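Please read the structure below before turning to the comments.
The values are calculated or read from the model by the stated rules, or taken from the named source; none is laboratory data. Predicted model only: the values in this text are computed from it and were never measured. Don't worry about glycine lacking a Cβ; one is built from the backbone with ideal geometry, like all the others, and counts go over all protein chains shown. The accessibility values were calculated without ligands, DNA or RNA, using every heavy atom of the protein model including side chains. Shrake-Rupley method; radii C 1.70, N 1.55, O 1.52, S 1.80 Å.
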Amino acid sequence: MIEEAYNQERGVVQHIQSMSYDRRTKDWFYNFTQEWPFPDETHQLSYTIPLTRLKAPGNSGIGDVMLNYRYQAISSDNIAFAPRLSLILPTGDYKKEMGAGATGLQVNLPLSIELSDKWVTHWNLGATYTPRSRGSGGDRSDTRGTNIGASLIYLLSDNLNLMLEAVQTRTEVVQPGGSTLREKQTLLSPGFRYAINYDSGLQVVSGLALPYGIGSSSGDRSVLLYLSFEHPFK
């Protein structure tokens, strides 16, 4: 759930998949991201394709695709900082609540700190702006959102990490008549991830987490699955 501040190394590509199931609403969410160095880890290009299946009103389809650029501003022995700028394309059907119906921008500031040989922490701070966003009825209004989060990772071994993540998002949804409704969600997510490394350079990482709502989000329960493939392409 938390973006780490490490760009892809030269000659290495990563394919990232995540799927979550909301146990309260019965909705499914799937994201596919592909990250490329351009041409090395200082600059990274990627794209994210979301797919959604909503239990009510029973809609499913592609969401708003994101085109991402990330700059490795800091990469030292124990600190990494890589700000990201994303263009959000209106590829999702706003009438089915699959997208915003307008082009948006998002910025995120991921910071990663190695506290020791066994402990790593990651921090995120971001904002989203979508001018003339559409509600499901077609009404338009500018919408804004923010995200803040942090994670604490314990390296139980070289291949197995225990994780605890906390995320809070604030979003605006266009209502009939052009007004906006502000929504807030706060999640705490314990989980783990496990890596398998092959002699060819392929690394496969799988993970499982159980996000749950706290505070005003109490009652929210999800299951999050993660699978990524990282390998050389030259």
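Tabulated values for the structure
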| item | result |
| --- | --- |
| Filter result (of a type in the set (D, E, K, R) and either more than 13 Å from GLY99 (Cα to Cα) or within 13 Å of the chain's Cα centre (by Cα) (or both)) within region 29-63 | GLU35, ASP40, GLU41, LYS55 |
| Residue that is farthest from the chain's Cα centre (by Cα), among those in region 118-172 that are more than 26 Å from LEU210 (Cα to Cα) and among the basic types (Lys, Arg) | ARG140 |
| Filtered residues of region 131-174 (kept if closer than 27 Å to LEU89 by Cβ, open to solvent by 50 Å² or more (accessible area, probe 1.4 Å) and in a loop (DSSP other than H, G, I, E, B)) | SER136, GLY137, ASP139 |
| Region 205-231, residues that are more than 14 Å from GLN17 (Cα to Cα) and either open to solvent by 60 Å² or more (accessible area, probe 1.4 Å) or not in a strand (DSSP E or B) (or both) | LEU210, PRO211, TYR212, ILE214, GLY215, SER216, SER217, SER218, GLY219, ASP220, ARG221 |
| Cβ-Cβ under 6 Å pairs, at least 6 apart or on other chains, region 182-195 side in contact (Cβ under 8 Å) with a residue 12 or more places away in the chain, far side of a type in the set (S, T, N, Q) and in a strand (DSSP E or B) | GLU183/THR171; GLN185/THR169; THR186/GLN168; ARG193/ASN161; TYR194/SER206; ALA195/GLN203 |
| Among residues of region 181-204, those that are assigned to a strand (DSSP E or B), more than 20 Å from VAL223 (Cβ to Cβ) and either modelled with pLDDT under 95 or open to solvent by 70 Å² or more (accessible area, probe 1.4 Å) (or both), counted | 6 |
| All positions within region 43-89 that are open to solvent by 60 Å² or more (accessible area, probe 1.4 Å), over 19 Å from ILE16 (Cβ atoms) and not hydroxyl-bearing (Ser, Thr, Tyr) | ARG53, LYS55, ALA56, PRO57, ILE74, ASP77, ASN78, ILE79 |
| Scan of region 8-42 for residues that are under 26 Å from LEU85 (Cβ atoms), open to solvent by 60 Å² or more (accessible area, probe 1.4 Å) and part of a loop (DSSP other than H, G, I, E, B), ordered by number | GLU9, ARG10, PHE38, PRO39, GLU41 |
